[in-house]
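Structure, as structure tokens:
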Amino acid sequence: MSVHPVATCTAPLDVLGRDVRVPLVTGGEVTYAALDYAASAPALQRVWDDVAAYAPYYGSVHRGAGYLSQLSTDLFEQSRETVAAFLGCRDGDQVVFTRSTTDSLNLLASVIPAGTQVFVFETEHHASLLPWRDAQVTYLSAPRTPGQAVASLRAALAGRDAYGPALVCVTGASNVTGELWPVRELADAAHEHGARIVLDAAQLAPHHPVDIAELDVDWVAFSGHKLYAPFGSGVLAGRADWLQAAEPYLAGGGASRKVARRADGGVDVEWHSTAARHEAGSPNVIGVYAIASACRALTEAGFDSLVEREQGLVTRVRAGLAEVPQVKVLSLFGDEAPRVGVISFVVEGWNSSHFAAALSAEYGIGVRDGLFCAHPLVRTLLGGEPGEQGECGSPETGPGERSLNAIRVSFGAGTPDEHVERFLGAVTELVRDGAKWNYRTEDGRCVPARD
């Protein structure tokens, strides 16, 4: 079981880039406010320091007899144990290192038994929505309450072929609204109907404890670059049987235990039954060690205090945006739904790309605009099919018209209070006074005009 001790954490964790200064188009410069954590969170200083301390000892993992190779191999496997503890893995669960959440879910999609029925809500991020190309997929409509999500899944599972394998894929926290999904209840529904469930924890793990045993999910997938460890690594952790029974995700060195030529000229291969079966090639030991370092740092900081502080930021942002009548915050489950530090909104009369560009160019604030690789969900929340935005400087919407894209602000354990206050002040000023600079459309995006 994972252990998340309670600690006092009233200040943001140290992250790289906290003192970076950026120029403003209006003159001068300001400390950059990174409020796009949902895309990639900045690296924790602790993670960077750990990686830098290890770097001189870097060696080839599982490939050499030399001291540095042995040290790197030990570090790699110890990192696997650290991640397993962080996730509360059960006896027999495997931790497979991948490139990202997307890679993890594509790996799982490659090992599901033939004939598997997959059930996925249309509200998922594309990493969860799209990998199941070789399966029979049932796309469930967007629920409007957590209870409706559970009921919808139960109904869909009740009508399936009870004799075939089935898999449910669900997010833990929406990358658009930040809302928490009823993971344990969905897991119960899946298991009651003989199905398995995989949790996309890309947006949940950086903000909230994730315990495989407690949630009773079969697999968990997440990315290092959202967990304050942006070095190109990810995790798929959970049940070993489907992973061991399938052909390797990638064929090559590291996945194979023994390779021999046959008399007929062919090749016989004995594949590993451990996690190495799906980790062919030289692994990203730096990325893996970074994930383990982040897991330790978050655990030692105390998830209870991290969650408490972040909820204060969520409350402040939502309250501040509510004071601007032209702003509409997007929500699937309603205002009272619990959520992490991910909030999307639209601004009446503004092209969302224009608004995001002005936040960056005039205030030094980095947010995200667009559809957030969750097109069906954004379409549902905005009430229609997303499309091309208008030109910069021209209103995107008029009275009674809908927005085509949205703006997302996201934050976490490294976000200073000042960044949130500056963001809210900037939103108020832009809506009240308009942009101070001229913008133009370039390659489909709004950018400050050079003149």
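Miscellaneous remarks
- Each Lys and Arg Cβ is given +1 and each Asp and Glu Cβ -1; about its Cα centre, the stretch 46-300 then shows a dipole of about 460 debye.
- Normalised by the number of residues in the stretch 46-300, the average gap of Cα pairs under 8 Å and 6 or more apart makes the relative contact order 25 percent.
- Relative exposure of 60, 353, 69, judged by other C-beta atoms within 10 Å (fewest first): 60, 69, 353
- Calculated from backbone phi, Karplus (6.51, -1.76, 1.60) coupling profile of the stretch 54-69 in Hz, x at Gly/Pro: 7, 3, x, 9, 4, x, 6, 7, 6, 10, x, 8, x, 4, 5, 5
- Vicinal HN-Hα couplings computed from phi for the stretch 81-86 (Karplus, 6.51 cos²θ - 1.76 cosθ + 1.60; Hz; Gly/Pro x): 5, 4, 5, 4, 5, 4
- Taking amide H atoms as placed 1.01 Å from N in the peptide plane, the amide H of residue 405 lies under 5 Å from those of 352, each 5 or more residues away in sequence or on another chain.
- Among 287, 163, 201 the positive-end extreme of the charge dipole of the stretch 46-300 (Cβ point charges): 287
- Other-chain or far-sequence residues with amide H under 5 Å of residue 439's (modelled H): 449
- In this Cβ point-charge picture (+1 for Lys and Arg, -1 for Asp and Glu), the chain has a dipole of about 580 debye about its Cα centre.
- Across the chain, the mean sequence separation of Cα contacts (distance under 8 Å, 6 or more residues apart), normalised by length, yields a relative contact order of 22 percent.
- Euclidean distance of C-alpha centroids, the stretch 420-445 and the stretch 97-164, integer Å: 38 Å
- Prolate/oblate/rounded call for the stretch 46-300, Cα gyration tensor, a/c under 1.5 rounded: oblate
- Shown for 373, 169: other C-beta atoms within 10 Å of each C-beta, ranked fewest to most, produce the order 373, 169.
- Proximity of backbone amide H atoms, modeled 1.01 Å from N, is registered between residue 119 and 138, 167, 168, 169 at under 5 Å, excluding neighbours fewer than 5 places apart on the same chain.
- This model, with +1 at the C-beta of Lys and Arg and -1 at the C-beta of Asp and Glu, gives the stretch 4-133 a dipole about its Cα centre of some 200 debye.
- Structure-based [θ]222 nm, the chain - -39500 (n - 2.57) summed over DSSP H runs of at least 4, per residue, nearest 500: -10500 deg cm²/dmol
- [x] 102, 49, 47; [y] 68, 48, 43; [z] 77, 57, 48, with the label sought being that of the calculated Cα extents along the principal axes in Å: [z]
- Per-residue Cβ neighbour counts within 10 Å put 49, 335, 200 in the sequence 335, 49, 200, beginning with the fewest.
- DSSP-loop GluC sites (Glu not before Pro) across the stretch 315-376, with at most 15 other Cβ within 10 angstrom: 323, 336
- Positive-end ranking of 350, 430, 119 along the dipole of the chain, with charges on Cβ about the Cα centre, is headed by 119.
Every number in this text was worked out from the coordinates using simple rules, so none of it is lab data. Bear in mind that the values here come from a model prediction, so they are computed numbers and not experimental data. Note that we place each Cβ from the backbone using ideal geometry, even for glycine, and neighbour counts take in every protein chain shown.
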